[in-house]
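Participant: Following this message is one structure expressed as structure tokens.
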Amino acid sequence: MASFKKHDAGWEFRIRYKDPFTQKFREKSQRGFETKKAAQIAAAELEKQLAAGYEQSDLPLADFLYIWLEEYKKGTVRKNTYELHKNNIKNHLVPYFKKISLRDVKPIMYQEFLNHFGPRGYSRRTIELIHATMHNALDKAVTLGKLEKNPCNGVEIRGEKNRGEVQFIESEDIPKFLEATWKYGYIYWIFFKSMIGTGMRKGEAAALKWPDIDWEQKKLRIDETLDFTAADKSELFGDPKTYRSKRFVHVPPALMEDLRKHQEWQQRNREAMGPLYHHDLDLVFCRTNGNFMPKSSLFNAFSRICHRADLPELPIHSLRHTYAVLMLEAGADIKFVQEQLGHGSVQITSDVYAHISKKLKDRNMKKFELFTDHLLK
């Protein structure tokens, strides 16, 4: 409800309202109107805007970001995505913008924010992820009527694109890697070998259940990922990385035979342990008691195996890249590789493996030159 008061400089209106975000009562006022009628018209317009959600944009940016995180992201995105947004807000957005109001974030200011990461050694990809958090949040502010337009639109992201990030095991080194893995432990051998043979992410492999294997068609159904940080079994399984990550993966016959033998080996464990076995999980790759394999155990084992195989230090994800490189070396079509990996588009696959594709093309061209050398003289 608006109140009106006459001053020497003209009429003033004052409106008291409750901010729907902070639940605190606030006041808006404006003076200098020549007549009370003019003040009433202006007050009515502002009340209309307040009812529609406008003009509460003096809300601090930090408060809005955390409201957006809890009200619009929690429970609607994967846990890892939620944690990524949370860390971006806590470690980058709030420390930089401090107590600035939502409405005071301007395009030039935001561009300066993105530019300040470059000299600090941040990769382009990291900057893109931070930008994605802010852009997503302020898009919601526009939808809610807190902003007229998103100040994050039209920015330029500087920084070098990550190069040389695709790490993989060379095809000639795979036998010694698998030999070292076998000596280290059977469970790790079947886990890592299956990643090389299918291109599964470690979380996808860890979540694989026996009903996901189509023995007749020689395919695996990938539709879940395992959350290694889950508090209990009810939170253990979640959706894979993206919509396209849900897929069927063709499995080489030799690996299918390994999986058959692995099923027999696991069945013996089930019978020996009886009620102590985690029958409810029904995992393909697990500890001897049927429980999931901890991420720390996988990381430590992989690191030690690489060392024993005289390989450079690599991340477990390099096994997924190794699969892709093997596919390309075998002459597989890039579209088929994309489908097997569950990438969102062929462009993503092409971008990730561009330098590898070029290397293979150069190798094939040299073979062609050697083969035709005597023919074209």
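Participant: Filtering region 63-81 down to residues that are at pLDDT below 90 and assigned to a helix (DSSP H, G or I), which residue is farthest from residue 226 (Cα to Cα)?
Facilitator: Selected residue: 71.
Participant: Quick one: in region 186-220, which of the residues that are touching a Ser or Thr at 6+ places or on another chain (Cβ under 7 Å) and of a type in the set (Phe, Trp, Tyr) is surrounded by the most Cβ atoms within 10 Å (Cβ to Cβ)?
Facilitator: Filtering first and then ranking leaves 192.
Participant: In addition: Name, by its number, the condition in (1) closer than 24 Å to residue 249 by Cβ; (2) out of contact with any strand residue (DSSP E or B) (no Cβ under 8 Å at 6 or more places or on another chain) that does not hold for residue 311.
Facilitator: (1)
Participant: Pick out the one residue from 158, 78, 120 that is touching a strand residue (DSSP E or B) at 6+ places or on another chain (Cβ under 7 Å), surrounded by fewer than 16 Cβ atoms within 10 Å (Cβ to Cβ), under 30 Å from residue 350 (Cα atoms) and basic (Lys, Arg).
Facilitator: Values: 158 fails: touching a strand residue (DSSP E or B) at 6+ places or on another chain (Cβ under 7 Å); 120 fails: touching a strand residue (DSSP E or B) at 6+ places or on another chain (Cβ under 7 Å).
Being touching a strand residue (DSSP E or B) at 6+ places or on another chain (Cβ under 7 Å), surrounded by fewer than 16 Cβ atoms within 10 Å (Cβ to Cβ), under 30 Å from residue 350 (Cα atoms) and basic (Lys, Arg) holds for just one of 158, 78, 120, which is 78.
Participant: Is it fair to say residue 220 is part of a strand (DSSP E or B) and in contact with a helix residue (DSSP H, G or I) (Cβ under 7 Å, 6 or more places away or on another chain)?
Facilitator: Yes; evaluated as a whole, the condition is true for this residue.
Participant: Please pick out the residue among 287, 260, 270 that is part of a loop (DSSP other than H, G, I, E, B) and of a type outside the set (Phe, Trp, Tyr).
Facilitator: Among 287, 260, 270, only 287 is part of a loop (DSSP other than H, G, I, E, B) and of a type outside the set (Phe, Trp, Tyr).
Participant: Output the qualifying pairs, or none if there are none: Cβ atoms under 6 angstrom, residues six or more apart or on different chains, first residue in region 143-155 and outside the structural domain of residue 102 (by TED's automatic domain parsing) and without any contact (Cβ under 8 Å) to a residue 60 or more places away in the chain, second residue part of a loop (DSSP other than H, G, I, E, B) and hydrophobic (A, V, I, L, M, F, W, C).
Facilitator: Every condition considered, the pairs that remain are 151/105.
Participant: Take residue 183 and tell me if it is over 27 Å from the mean Cα position of the chain (by Cα) and loosely packed, with under 15 Cβ neighbours inside 10 Å.
Facilitator: Spelling it out, residue 183 is indeed over 27 Å from the mean Cα position of the chain (by Cα) and loosely packed, with under 15 Cβ neighbours inside 10 Å.
Participant: Continuing with this model, one more query. Go through region 83-97 and count every residue that is surrounded by fewer than 18 Cβ atoms within 10 Å (Cβ to Cβ) and more than 21 Å from residue 118 (Cβ to Cβ).
Facilitator: Looking only at that region, the number is 3.
Participant: Under 6 Å by Cβ, and 6 or more places apart or on different chains, what pairs join a residue from region 82-98 that is farther than 18 Å from residue 152 by Cβ with one that is among the basic types (Lys, Arg) and part of a helix (DSSP H, G or I)?
Facilitator: Close Cβ pairs satisfying both conditions: 82/73.
The values are calculated or read from the model by the stated rules, or taken from the named source; none is laboratory data. In this text, all values refer to a predicted model and were calculated from it rather than measured experimentally. Neighbour counts run over all protein chains shown; Cβ positions are idealised from the backbone, glycine included.
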